[in-house]
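Have a look at the structure below, then the notes.
The values are calculated or read from the model by the stated rules, or taken from the named source; none is laboratory data. Since we're looking at a predicted model, the values are computed, not measured. Here the Cβ positions follow ideal geometry from the backbone for every residue, glycine too, while neighbour counts run over all protein chains shown.
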Amino acid sequence: MAESVVSFAVETIGNLLIHEAKFLRGVEDKVKDLHCELRQVQALLRNVDARRERNEVLEECVAQLRDFAYDAEDVIERYYLKAALTEGQNIIKAYAYFMAKCSCVQVHEVGTEIEGLKSRISEIGDKMQKYGIRPLNEGECETARASTPERTYAHFEEEDFVGREDHIEELVNELLKDGEQQRVISICGMGGLGKTTLAKKVFAHDKVKEHFDGFAWACISQEYRVRDILEGILLKLNPDQREGVTKMKDDELFETLYMTQKQKRCIVVLDDIWTKQAWVGLRNAFPTKDTRSKLLMTTRNREVAQHIDPHCFLNEPQCLSQEESWVLLKKKVFPRTKGLVVEIYSDGSRVGQDIVAGQTVEDIAKQSETEGQIPVITEDMKMLAYKLLEKCAGLPLAVIVLGGLLVHNDWETVHRNINLHFGDKNNVSEVLALSYDNLPSHLRPCFLYLGSFPEDAEIFAMKVLYMWIAEGFVSLNANNRARGISVEDVAKQYVMELVNRGMVQVQFNLSGNIKSFHLHDLMRDLCISKALEESFLSILNIQQDNETENCCASTAIKVESSCKIRRLSLNRNVIPSLKASRRTLVHLRTLMSFGGVKWESRQFQPIFNYCKFLRVLKLENLNVKRSLPKSMGDLVHLRFLSLAGSDFNSLPQSMGNVVCMEFLDLVVTRYITVSIPNVLWKMRRLRYLQLPHKFAIEEKFLCDRKKLRLGTLKNLRTLKNFDSKKCDVNDIDKFTNLQNLTVLDKYGCVKLEMFPQLVEFNLKHLRFLSLYLQYNLWTEGELSKMSNYPHSCKLCIIGKIEKLPEHKSLPQQLRKLVLLFSRLEEDPMPILEKLPHLVVLMLGCWAFTGKEMVCSAGGFPQLKHLLFYGLGDLEEWRAAEGAVPHLSRLGISHCPKLRVVPSRISTYDGRYEIFKKYEKCEIFKKYEKCDL
């Protein structure tokens, strides 16, 4: 890890020397000397990272080098930005405002500072060599970054599931029983045993789906807010009450949730409940008598389960047997064959594949390669695997992690290192720790960064990737550049490396891409422990005491005001006013807040006053009600800014100073119109831009243009909420690297006129287009304008459709289609089923007014998800044999007359998903009271 920090500084400074040498005038030679010195200690730190044990002196040396590397990067980048201004370049003309407010460092002062850093780094390097640390070159410690096999990861919670079939059957049978004795069903066991995975299998079981009317899942964990949990459950049981739920008083919320479970047959899962006190805060929302609803919970503590209900049905999964562990390990190590291997024994017998007698292992290997690449396992390998599995103690999570090690390393080497480091200890945490020790240097900071997120948080992949990029953890080598690989592609490879090693668990979207991921509790404990050990991260857990802020660090995680904090995560219920010393905040590179409580102006002002070197700022849920302060423009090093879910009405003109920005999320609270200064064009490094759903353009002079200037953003990869009324459509043609585009049209002004233009634009990298279009009446001719669009796309069309055009007049690469308020009189299935790449189809709110829909044989060859909502006259949906062969999800809600669906397809209540679509389309306000 220490080598990683220095390597980032080496790369950043090296890039400045190569590409921006003219801005280092006056200190270029000193920067080169410092760069050389850092490269030398980088070689020493490779040796340190490879060591299993370190003494206190070495630890202190590493800590100092880490700080000096950060300081060197800060000093040189600060000078570079100032020099760019003084040379009259276009990079940061507005940077003068920032430099006027802080003490301007003259050339000789910067030179002195660089000399001092070089001298101190050199002294530490000499000291380390006296303690026997010798430099290692990159070849000696080369990791398998480029050789990571590209393969589909078999997610543990879905395919990598072994030895629990009897538990699933038992739990499902108990859930289907009526009677007071089975009101509460508990899955109890240690962390990493697979309790949550088992609960998900049961929750998704076809018989359970058919039996219950309402479904809700809530993760409790050690950090929770009762109201957040209850709101989340009630919204899933009654998604059409979204607006009312958030306005309920606490007692009303408890009563409504209680009565919902009395009136309907619901299943509610409380996952990972730790204490009796947690249940005490929740119990008044859950009926225990005279109800058909069920409560399924997971906990590590049997006493908690028995406290909730002394008569509960208790299911206690055991650790895997040695054979079950072996089966799971094979699935993880050999995902392409789903664990199928050829096992060869010393007596000549073989298991797993038909093999001709007398063949050698080498012959079998060649045959396996030509006949589907079935891996070959010798008896010695299996014995070695069994020895390694003893370290896992039958814990599924540990087996998964061990599998990640064996995929990337020689099995003998893994066995030797485990025994060398851990002796005869049998402790799962040691296996997890080894997984971290075995990470390549470029993955370690990426993994530790995930410790910033709260326990059991859903970590959205896209944001984390750009946080890594902003921090400098992801870089392109010469080979990547030559092949046209983007930094986003490399970051995604990093994620897959962590997934393949069993370090993170992921959730995929319907397109097969990673949507989000999270850390298992044990893996997060390891992450936090290592992050604190490396002084990589500080976490501040905030408690709430009525209206008084009580800011205290967790007993296990402390923030030392005397140290240089580089990354700070603020968790829990109340965000404090950051009144820490300026010395503490000035070195911050990342600041993230969590907890869902609104920030007030007095609380976030210190961020803009002191945190001048911030690169990542996740400052969501701001409660300003006015413009953000001008001092926001002082954060000129900022690369990542997320203001999602905030409540402010305008951005300051000084935002034009923040020209290093790469990720900008401006999606605010619904219905708020944000005034945006016309300065975003200055952020030429922007790669991801999400505009507010509603915005106005603030010009410096009244005579200026009234459209948002974006044409200079040639590095843009993702652009969301493009508004053709407020933006110039011709600017899209200038986004030559654009990969994802989302267009919102709430005015009916576009009417698909964009499609012919988009076809003509040179958007060779565009992978996906999403359009949310609203209009009073769509004609067949208007919709036919989409016919020539060649790229993958999603469409959400709102408003009456006179008649659907033939399928050939729709985009042939259409993957997702949402129709709302279409009032189609003719069955749309004969047309839509011929779209060859359609994966998701949602028909909602009187999209179809007829009584019958029919899918013919071979129809919808790729459809996986179908949703009907608010089709008040629909009585029957039939699918012929061979239709919708890949359909895995059928959601039906508010279709009171629907009586006939194909018997082979299970259904679920899809209200939650359609209402999420409403929110994205921003049509709640107009249609939320529609008569269904």
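Of everything in the stretch 145-166 that's touching a helix residue (DSSP H, G or I) at 6+ places or on another chain (Cβ under 6 Å) and not basic (Lys, Arg), which residue is modelled with the highest pLDDT? So the residue we want is Val162.
With respect to the conditions (1) crowded, with 20+ Cβ neighbours inside 10 Å; (2) outside the structural domain of Ser809 (by TED's automatic domain parsing), Leu773 lacks only one, and its number is (2). Please go through the stretch 807-826 and pick out each residue that is over 20 Å from Val759 (Cα atoms) and in a loop (DSSP other than H, G, I, E, B). Answer for the stretch 807-826, where residues must be over 20 Å from Val759 (Cα atoms) and in a loop (DSSP other than H, G, I, E, B): Phe821, Ser822, Arg823, Glu825, Glu826. Reported count of residues in the stretch 215-258, each being surrounded by fewer than 18 Cβ atoms within 10 Å (Cβ to Cβ), among the polar types (S, T, N, Q) and not in a helix (DSSP H, G or I), is 2.
Having 3 or more residues that are among the β-branched types (Val, Ile, Thr) is the bar; report the helices (runs of 4 or more DSSP H) wholly within the stretch 446-525 that clear it.
On the way: elements: 461-471, 478-482, 487-500.
Filter on the stretch 446-525 gives 487-500.
The residue of the stretch 666-683 that is farthest from Val624 (Cα to Cα), among those that are touching a residue at least 40 places away in the same chain (Cβ under 8 Å) and crowded, with 18+ Cβ neighbours inside 10 Å, is Lys682.
In the stretch 533-542, what residues are in contact with a Ser or Thr (Cβ under 8 Å, 6 or more places away or on another chain) and either part of a loop (DSSP other than H, G, I, E, B) or at pLDDT 80 or above (or both)?
Let us first name the residues in the stretch 533-542 that are in contact with a Ser or Thr (Cβ under 8 Å, 6 or more places away or on another chain), namely 537-541.
Hits for the stretch 533-542 are Leu537, Ser538.
Rundown of residues vs (1) part of a strand (DSSP E or B); (2) modelled with pLDDT under 85; (3) crowded, with 22+ Cβ neighbours inside 10 Å, yes/no style:
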residue: Asn571; (1), (2), (3): yes, yes, no
residue: Val574; (1), (2), (3): no, yes, no
residue: Ala580; (1), (2), (3): no, yes, no
residue: His587; (1), (2), (3): no, yes, no
residue: Val597; (1), (2), (3): no, yes, no
residue: Pro606; (1), (2), (3): no, yes, no
residue: Glu620; (1), (2), (3): no, yes, no
residue: Ala644; (1), (2), (3): no, no, no
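Here Pro310 meets the list (1) surrounded by 18 or more Cβ atoms within 10 Å (Cβ to Cβ); (2) within 27 Å of Glu169 (Cβ to Cβ); (3) without any contact (Cβ under 8 Å) to a residue 60 or more places away in the chain almost entirely, failing just condition (1).
Restricting attention to the stretch 827-873, which residues are under 17 Å from Tyr908 (Cβ atoms) and in a loop (DSSP other than H, G, I, E, B)?
Restricting attention to the stretch 827-873, the residues satisfying the condition of being under 17 Å from Tyr908 (Cβ atoms) are 840-844, 863-871.
Matches in the stretch 827-873: Leu863, Lys864, Gly870, Leu871.
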